[in-house]
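Undergrad: Please see the structure below; I have some questions.
The values are calculated or read from the model by the stated rules, or taken from the named source; none is laboratory data. None of the values given here were measured: they were computed from a predicted structure. Backbone-built Cβ (ideal geometry, glycine too); neighbour counts: all protein chains shown.
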Amino acid sequence: MYYPKRLATPKVKKTILRFADFLGGMRRDIDPNILPLKYAYNAYNFDISDGALKDGLGIEILDKTYLKKQFDLVYPHGQVLRAWQYYRYDFDLQRRDDKLIIYMSDGYLYYVGLFDESVNFEKINDSYFSSPPNFLNYRLNSQDVLIATSPEDEMLVFDGAEAYRVVDAPKITSMSIHYERLFATSAGESNQIWFSKELDPINWDINLESAGFIEMNDQRGALLEVMSFLDYVYVFREFGITRISAYADQAQFFVSHLFTSSGRICKNTVALCGDRVIFLTSSGLYAFDGLQTHKILDSLTDAIRDLESARAVFYNGKYYLACKFDFGDSQKVHCENSDFVLNAIIEYDIIKKSYAVYRGIDTADFCPLKIGSDELLTLTVRGENSQSLSVICQGGKYYQENLKKVWQSPYTDLGLPNQKKVLKALYITSHSPCMILINADGQEFKYNIGGNQGVTRITPKLAFGKISIAFVCERSPSYITRPILELDISR
């Protein structure tokens, strides 16, 4: 008897994969192949704080609208390297007379009034600095003054009209006022913390009734940053944190060591953030509450490069870290199309513990400004927009362009390495036009969709072993939510 031979057909399982939300953010601490699709390998220039992909922050020139002036500022020739708000009260006119201070590439300081109609910067006499200076506002002899210092140059004091040098002050690298003394770290003797005479930050005569210094000779390394915090002076060092109890009588100053770091602390990332201090080290990002430290943003910090160039500021409840970030792709976004030092800003909300990453901005320095009831985060940048101050804005702008926004999944086999997979359809809601990039086993496929309020369906019908899906948007306002993948899976 003849029995017909029947071929066994593979059993196909239809599967639906839903992206519930995008709150998982970016993960660089886990191998991409084992990451669930709810996490991103890359996610930049989108705001993901409520689970959808939306326009985030942007950057544009600080113009007259922000400053509430009739005309735009007229800058000196050259690049703006650093900026500062000098808080000043005019007792004669009985009104605020704050100045915007800038340090230019010619080495000099310039100022312009923030609460008047002046727009031309004026040079401060005898204000040359060999490198970008540090600034401090202080009320000296009942007058608001600006103190500027650098590792190579003598201290400068500016009262809004005249400037003079303090020749016997140390060459200061960081400084902070605590109980009416100026505490400072200095160039050269990197193991000494200096303090001025009480109520007189320009008096550095060393004696028991006036100024002095404290030496710290231990394994925690050089002194980087000094800060008044929680009624103590904290000194952030290369490999640790030291606390000084420093009240009126210097004979009763007391030093204790609180934290030893396995990674080197990055000086320009130390920022006071309300009830904590956040700083970057070569082993990650840390928050310090005055006694203990704990790591934050573990999922991102492995991708940060060139740590010594990073800079940070606290503004409006958020820690902003400008850094060089390895996005692990061949894309060039905005500033990356020319020579750059930094290419990203990480925005970390200290209350919500949420974050966003902004790519394509080469930040030189930050400068928060307060103009009446308005607060601005301005910054100096490198490149073609370095001749003026820029400002962080809403709406996903990059000066006259739109920021390129990307969310990219990990390149993954979906945890099914030995099974055949076919992407039959993808459903997505996008209110603005966007592009969907699908990488299936090394081949890239592009699908452009128009924006609408409903669900858009595309039918790739792609067989794959490993896959990555990216959403790319260069239009505003962007809104992408709830992608759904329809798959056939068989052995």
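Undergrad: Restrict the check to region 211-221 and report whether at least one residue is within 24 Å of residue 135 (Cβ to Cβ) and outside any strand (DSSP E or B).
TA: No.
Undergrad: So, one more: Say we look at region 24-72 and pick out the residues that are assigned to a loop (DSSP other than H, G, I, E, B) and in contact with a helix residue (DSSP H, G or I) (Cβ under 7 Å, 6 or more places away or on another chain); which of these is surrounded by the fewest Cβ atoms within 10 Å (Cβ to Cβ)?
TA: 70
Undergrad: Here's another thing I want to ask about it. Can you list residue pairs whose Cβ atoms sit under 7 Å apart, with the first residue in region 6-18 being assigned to a loop (DSSP other than H, G, I, E, B) and the second being modelled with pLDDT of 85 or more? Count only pairs 6 or more apart in sequence or on different chains.
TA: 10/490; 11/490
This table checks each residue for (1) assigned to a loop (DSSP other than H, G, I, E, B); (2) modelled with pLDDT of 95 or more; (3) in contact with a strand residue (DSSP E or B) (Cβ under 7 Å, 6 or more places away or on another chain); (4) within 30 Å of residue 49 (Cβ to Cβ).
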position: 446; (1), (2), (3), (4): no, yes, yes, yes
position: 452; (1), (2), (3), (4): yes, no, no, yes
position: 457; (1), (2), (3), (4): no, yes, yes, yes
position: 463; (1), (2), (3), (4): no, yes, yes, no
position: 470; (1), (2), (3), (4): no, yes, yes, yes
position: 475; (1), (2), (3), (4): yes, no, yes, yes
position: 481; (1), (2), (3), (4): no, no, yes, yes
position: 486; (1), (2), (3), (4): no, yes, yes, yes
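Undergrad: What are the residues in region 314-364 that are closer than 23 Å to residue 411 by Cβ, charged (D, E, K, R) and buried (at least 21 other Cβ atoms within 10 Å of the Cβ), if any?
TA: Correct list: 359 only.
Undergrad: Right, next: In region 401-420, which residues are touching a Gly at 6+ places or on another chain (Cβ under 7 Å) and either assigned to a strand (DSSP E or B) or among the small types (Gly, Ala, Ser) (or both)?
TA: Across region 401-420, the qualifying residues are 402, 405.
Undergrad: Just checking, how many residues over region 452-471 are among the hydrophobic types (A, V, I, L, M, F, W, C) and in contact with a Leu (Cβ under 6 Å, 6 or more places away or on another chain)?
TA: 3
Undergrad: Taking only pairs six or more apart or across chains, which ones have beta-carbon atoms under 7 Å, a first residue in region 325-340 that is closer than 15 Å to residue 384 by Cα and charged (D, E, K, R), and a second residue that is at pLDDT 95 or above and surrounded by 13 or more Cβ atoms within 10 Å (Cβ to Cβ)?
TA: 336/343; 336/360
Undergrad: If you don't mind, another one. Evaluate region 418-425: report whether one residue or more is modelled with pLDDT of 95 or more, of a type in the set (A, V, I, L, M), surrounded by fewer than 20 Cβ atoms within 10 Å (Cβ to Cβ) and out of contact with any helix residue (DSSP H, G or I) (no Cβ under 8 Å at 6 or more places or on another chain).
TA: yes
Undergrad: When you go through 106, 21 one by one, which is the residue that is over 25 Å from residue 285 (Cα atoms) and outside the structural domain of residue 392 (by TED's automatic domain parsing)?
TA: Exactly one residue qualifies, and that residue is 21.
Undergrad: Let me ask another. Out of 395, 450, 454, report the one residue that is touching an Asp or Glu at 6+ places or on another chain (Cβ under 8 Å) and surrounded by fewer than 20 Cβ atoms within 10 Å (Cβ to Cβ).
TA: Every option except 395 fails the conditions.
Undergrad: Within region 389-397, identify whether any single residue is among the small types (Gly, Ala, Ser), in the same structural domain as residue 17 (by TED's automatic domain parsing), part of a strand (DSSP E or B) and touching a residue at least 60 places away in the same chain (Cβ under 8 Å), and answer yes or no.
TA: no
Undergrad: Would you list the strands (runs of 3 or more DSSP E) that sit entirely within region 91-189 and hold 2 or more residues that are among the hydroxyl-bearing types (Ser, Thr, Tyr) and surrounded by 15 or more Cβ atoms within 10 Å (Cβ to Cβ)?
TA: 109-113, 172-178, 181-186
Undergrad: For region 427-444, enumerate the residues that are over 19 Å from residue 51 (Cα atoms) and part of a strand (DSSP E or B).
TA: Of everything in region 427-444, those that are over 19 Å from residue 51 (Cα atoms) and part of a strand (DSSP E or B) turn out to be 435, 437, 438, 439, 440, 443, 444.
Undergrad: Another question, then. In region 307-343, what residues are among the aromatic types (Phe, Trp, Tyr) and either in a strand (DSSP E or B) or out of contact with any Phe, Trp or Tyr (no Cβ under 9 Å at 6 or more places or on another chain) (or both)?
TA: 314, 315, 319, 320, 325, 340
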